[in-house]
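Down below is the structure, laid out as structure tokens.
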Amino acid sequence: MKAPFLIAASLLLAASGAYSEVYRHVDAQGNVTFSDEPMDGGEQVQVKPVTTITLPKPEAVREPERMQEQADREGAAYGSLTLTYPDNGQALHSGNGNVTFKISSTPGLRPGHRYEVTLDGQPVGQSSSDSIIVENIDRGTHNAGVHIVDQSGIRVKNGDPITFTIHRPSRRN
């Protein structure tokens, strides 16, 4: 129990400043305290600098122009892409939280393309068939999206998103 606390406290104090001094004190009951101020009976601890990485924002990362142009051409080949089930605004009763999403596109999928369903902005399934089962969705209201992706995983067509609500029984109800 003490080791995770010590690690967490060390990391917290290390993150507070690269040049701060850190002091460790153990009281009569064996409780360990860390501080940035000296304490009677405490000792100074050498804290290594924390390694940090700054990632680029998603909007700053772009597909190479050639790949994007190809995706745009492939997406233009599709007239429509829709989630046919569940309906927008529908409330579903699902004890296990499983939902089968039904998808329709005009024309049908081209070779190498797949349907992709996203739930609350995160991809949750891909398939070359017109249905994708997503398991164990939490109760509440969710946003679902549908996309067509090519063999490289690049989205070539986006359908309109929908909102639906899952009702799941609980032991309390």
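The values are calculated or read from the model by the stated rules, or taken from the named source; none is laboratory data. In this text, all values refer to a predicted model and were calculated from it rather than measured experimentally. For neighbour counting, all protein chains shown are included, and Cβ atoms are generated from backbone atoms with ideal geometry for every residue, glycine included.
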message: Take the residues in region 98-117 that are part of a strand (DSSP E or B) and in contact (Cβ under 8 Å) with a residue 40 or more places away in the chain; name whichever of them is surrounded by the fewest Cβ atoms within 10 Å (Cβ to Cβ).
response: Ser105
- request: Quick one: count up the residues across region 151-173 that are part of a strand (DSSP E or B), within 16 Å of Val117 (Cβ to Cβ) and not charged (D, E, K, R).
  value: 6
field: Filtered residues of region 76-95 (kept if modelled with pLDDT under 80 and in contact with a Leu (Cβ under 9 Å, 6 or more places away or on another chain))
entry: none
query: Can you find even one residue in region 136-150 that is part of a loop (DSSP other than H, G, I, E, B), touching a residue at least 60 places away in the same chain (Cβ under 8 Å) and over 21 Å from Pro169 (Cβ atoms)?
result: yes
task: Filter region 1-60 down to the residues that are among the aliphatic types (A, V, I, L, M) and either in contact with a His (Cβ under 7 Å, 6 or more places away or on another chain) or under 30 Å from Gly121 (Cα atoms) (or both), then identify the one that is modelled with the lowest pLDDT.
output: Ala60
